1. For segment 186-206, indicate whether the set of residues that are at pLDDT below 90, of a type in the set (Val, Ile, Thr) and either under 20 Å from Gly89 (Cβ atoms) or buried (at least 16 other Cβ atoms within 10 Å of the Cβ) (or both) is non-empty.
2. If you take the residues in segment 481-513 that are assigned to a loop (DSSP other than H, G, I, E, B) and open to solvent by less than 50 Å² (accessible area, probe 1.4 Å), which one is modelled with the highest pLDDT?
3. Just name the residue that is nearest to Glu133 (Cα to Cα) out of those in segment 278-303 that are among the basic types (Lys, Arg) and part of a loop (DSSP other than H, G, I, E, B).
4. Which one of these is buried (at least 16 other Cβ atoms within 10 Å of the Cβ), free of Cβ contacts under 8 Å to residues at least 24 places away in the same chain and not assigned by the TED database to the domain that holds Pro180: Ile67, Ile27?
5. Any idea which residue in segment 541-580 is surrounded by the fewest Cβ atoms within 10 Å (Cβ to Cβ), counting only those that are of a type in the set (D, E, K, R) and within 25 Å of Ala498 (Cβ to Cβ)?
Amino acid sequence: MSELSLAHQDYPVDDLEQLLSILPKPIQAIIAEHPQRQQLVEVVMDLGRLPEARFPGTAVYLGHEPIAKEDLQYAIDRVGLFSSDNRAGIERTLHRISAIRNRTNEIIGLTCRVGRAVFGTINLIQDLVETGESLLLLGRPGVGKTTALREIARVLADDLHKRVVIIDTSNEIAGDGDIPHPAIGRARRMQVARPELQHQVMIEAVENHMPEVIVIDEIGTELEALAARTIAERGVQLVGTAHGNRLENLIKNPTLSDLVGGIQAVTLGDEEARRRGSQKTVLERKAPPTFSMAVEMLERQKWTIHSDVALTIDNLLRGRPPVEQLRYMNEQGELQIETVEAQPQERTPQPPPYFSLGLVDDRQLRPRPTGLRSTGRMKPQAPLHANADQVRDFERLLEQSWQQWEGDDEPKIRVPGPNGEDLPVYVYPYGVGRSQLDQVIDILQLPVAVTKDVHQADAVLALRSHVKGNQKLRQMAKGIQVPIYGVKSNTIPQISRALKRILGMDEPHKAEAADLRLFTRSGSNDELEALEEARLAVEQIVIPTGQPVELLPRSPHVRKMQHELVEHYRLQSDSFGDEPNRRLRIYPA
């Protein structure tokens, strides 16, 4: 154990009188006489119920009169405008007023939370802040994450003379109004019009204002986690908070796991599995963590420190106890540091590889067709040389392909489907790219087999432009009673939608989650990251809110993949801007 005496003690600065001034007069009078007035946490007013004052560890009723609509309106008239997240404030203070609304959007409850600037709160981690590494604060609501974040911003800006920009989504760090609260020192504050646009303001801050440090409160969506990674990779120090008591919570949270590197399933070789003493499929960290250090705020003056998040995550995934550092203040105001080695937890056995991850369905267990004809995987013929009879040769070969016969020794193989139907469905492609067709079938694991004999096909999949001018194909399909399914273009979304239509799996009015492997070319991290950005933008902003979204600048071939992904959701997109800043804009339906 080591000790370090601190020259400065924590001391709070609040504007309690300004918060009390918005409350009805009877409530003000009762709070003014309460002996714990300076420890007030929040005041709760719900329509038809007694008002309540909450202090650390206790709560008391304020009078015997239930709250009426007039009492709520009295407070509403004295605060700022409520934003889309139902939060408001009092100008140039740190107080937060949160509203509860009914189904008709009327306010029927208020939570008036006291905001305090507590100087000296980061003495526990001052050495970590000064390293310049990105720092993540974790803890339950009310433990003091935002207070610590505010003090970190002030120390970095005033004491370390760094260019600090605060992304203040709810005006909770620097207070309400256009002039920030003095508690943030020389740090600058960028406000966010709507909470769902926080990730865009994060990127804008880096591109426009040249910060050395970005401070973010409440990282809560995948888009914000992706923006945080982009900022960290540009060499900017990040200081942020996220809800979750421990790092284990982030590992289990698919939305925020990228903050600690992301998790992926890896199949080990026999020798490596024996060396580790584990099963062959294990979970491992996918990438370097966005935040290299983390602080778990257990209590207001008792924090657990992880100085190497990558090592901690690796140890947790391999069942090893992580090495932690516990820091707290003793009764004399001295910093106590203890190195704690956590006891290894009993790990739950992992399910069989792949099936638990949803990568394979039970259709793979069924018998697959055999034979070259039934699969369509035959060696291509030698290319024809161009000559004057090229068109007639093509028609002749097309005619021959229709007349091919499987033969009695190679019958079509059928197995019963889950609903009694015959599977697989045999498809005759005409003008459709074979590589794209195979890619869709393999990745989506569709019960479809490609055949080169139109007589053996259950359906014809053709480009509309080819079918329109080919009377012979239409007559042949009509004669053998095989339906023709047309696709407008040779793109992955068009082909996958047509195959699902053939199988009766297509739901035109339902936006289906996309498998990103369908749209990537090389499978590189850059391609997957760009596709994931587009997917999150569509699923979390464009479809739910009906708002257009601009993506980050990408190269032309990556933008093409993003366009195809947007088309999968039946939405429109276009590219704008000049290279190298040309990017996609996605429009709602």
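The values are calculated or read from the model by the stated rules, or taken from the named source; none is laboratory data. From a predicted model like this one, the values you see are computed outputs, not experimental measurements. Glycine gets a Cβ as well: all are built from the backbone with ideal geometry, and neighbour counts include every protein chain shown. Calculation scope for accessible area: heavy atoms of the full protein, side chains included, ligands and nucleic acids excluded. Shrake-Rupley method; radii C 1.70, N 1.55, O 1.52, S 1.80 Å.
1. No; the residues of segment 186-206 include none that is at pLDDT below 90, of a type in the set (Val, Ile, Thr) and either under 20 Å from Gly89 (Cβ atoms) or buried (at least 16 other Cβ atoms within 10 Å of the Cβ) (or both).
2. Among those that are assigned to a loop (DSSP other than H, G, I, E, B) and open to solvent by less than 50 Å² (accessible area, probe 1.4 Å), it is Val482.
3. Lys286
4. Values: Ile27 fails: free of Cβ contacts under 8 Å to residues at least 24 places away in the same chain.
Result: Ile67 is the single residue among Ile67, Ile27 that is buried (at least 16 other Cβ atoms within 10 Å of the Cβ), free of Cβ contacts under 8 Å to residues at least 24 places away in the same chain and not assigned by the TED database to the domain that holds Pro180.
5. Let us first name the residues in segment 541-580 that are of a type in the set (D, E, K, R), namely 550, 554, 559-560, 564, 567, 570, 574, 578-579.
Narrowing the set further to residues that are within 25 Å of Ala498 (Cβ to Cβ) leaves 559-560, 564, 567, 570, 574.
Details: Arg559: 19, Lys560: 15, Glu564: 20, Glu567: 18, Arg570: 14, Asp574: 10.
Of everything passing the filter in segment 541-580, Asp574 is surrounded by the fewest Cβ atoms within 10 Å (Cβ to Cβ).
Yes or no, residue by residue, for (1) of a type in the set (Val, Ile, Thr); (2) closer than 30 Å to Ala117 by Cβ; (3) touching a Lys or Arg at 6+ places or on another chain (Cβ under 8 Å):
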{"site": "Pro182", "(1), (2), (3)": "no, yes, no"}
{"site": "His199", "(1), (2), (3)": "no, yes, no"}
{"site": "Met202", "(1), (2), (3)": "no, yes, no"}
{"site": "Gly235", "(1), (2), (3)": "no, yes, no"}
{"site": "Val239", "(1), (2), (3)": "yes, yes, no"}
{"site": "Asn245", "(1), (2), (3)": "no, yes, yes"}
{"site": "Ala265", "(1), (2), (3)": "no, no, no"}
